[in-house]
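One structure is given here, and the rest of the page talks about it.
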Amino acid sequence: MKSAPKNRAQRAVAAGALLVVLPISGCNLIAEQSTTTQYAASDGIVKDLGPVLMRNILVVGTEDDEAGRLVGTVFNTSDDPVDLSVSAGGGATRISIEGQGQIRFEDESGDDATLEGIDDIPGSLIDIDFEVDGEQATFQVPVLDGTLQEYREFVPGGYTPRPSEPAATEEAAEGE
């Protein structure tokens with residue numbers, strides 16, 4: 001008979017512990033898990049338009065230049081070739097992507113990756129129109145300059161460091 005009060009006390013402690021733990025841990029049952037949220041973990045945008053997947057799409061330009069260079073990769077997930085039209089400002093370009101193929105704008109030569117008439121300053125977002133097989137969409141794409149080392153080679157007309165950057169002042173001191 002002595003075991004009955006002991007069991008009641010143990011049950012009461014266990015129930016009390018559950019009442020304390022459930023409200024604390026229960027919020028995870030209704031909170032959105034950050035690992036399930038998809039986002040572009042890069043500088044450019046990630047969008048899909050018809051059979052074309054666009055990854056890390058951005059424009060590299062300068063404040064005093066009216067041309068911008070597209071950077072990023074586009075994938076054609078269909079078996080048939082598709083034409084991708086890209087236009088912004090006063091410039092436009094059209095590229096063909098083979099079935100199940102991809103194009104890296106960084107590897108393009110000529111004017112395929114250059115858009116004329118881009119007058120948005122680096123750090124802003126520019127509306128760019130994309131069209132694939134009659135399907136159209138406008139996406140806001142970031143405009144970057146050569147501040148980041150990995151984009152310097154894509155700046156139309158070449159990258160010139162600002163005088164306030166340490167590299168520019170060191171070069172000037174060495175030249176004296």
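All of the numbers you see were taken from the coordinates with simple rules; none came from a lab. This is a predicted model, so every value here is computed, not measured. Cβ atoms come from the backbone with ideal geometry, glycine included; neighbour counts cover every protein chain shown.
Pull out a ≥ b ≥ c, the square roots of the eigenvalues of the alpha-carbon gyration tensor of the range 45-157, then state rounded if a/c is under 1.5, prolate if not and a/b is larger than b/c, and oblate in the remaining case. Prolate.
When you filter the GluC sites (Glu not before Pro) in the range 57-105 for DSSP loop state and at most 11 other Cβ atoms inside 10 Å of their Cβ, you are left with GLU63. The label-point distance for ASP48 and SER109, in a model that sets each label 7 Å from Cα toward Cβ, rounds to 3.5 nm. Rounded to the nearest 0.05, what FRET efficiency is calculated for LYS6 and ALA31 with R0 set to 35 Å and r the Cβ-Cβ distance? Calculated value: 0.35.
Using 0.36 nm times the number of residues separating SER85 and THR147, minus their current alpha carbon distance, what extension gain do you get?
Between SER85 and THR147, full extension yields 19.5 nm more.
Here the spin labels are modelled as points 7 Å beyond Cα on the Cα-Cβ line, and at ALA92 and ASP133 they lie 2.1 nm apart.
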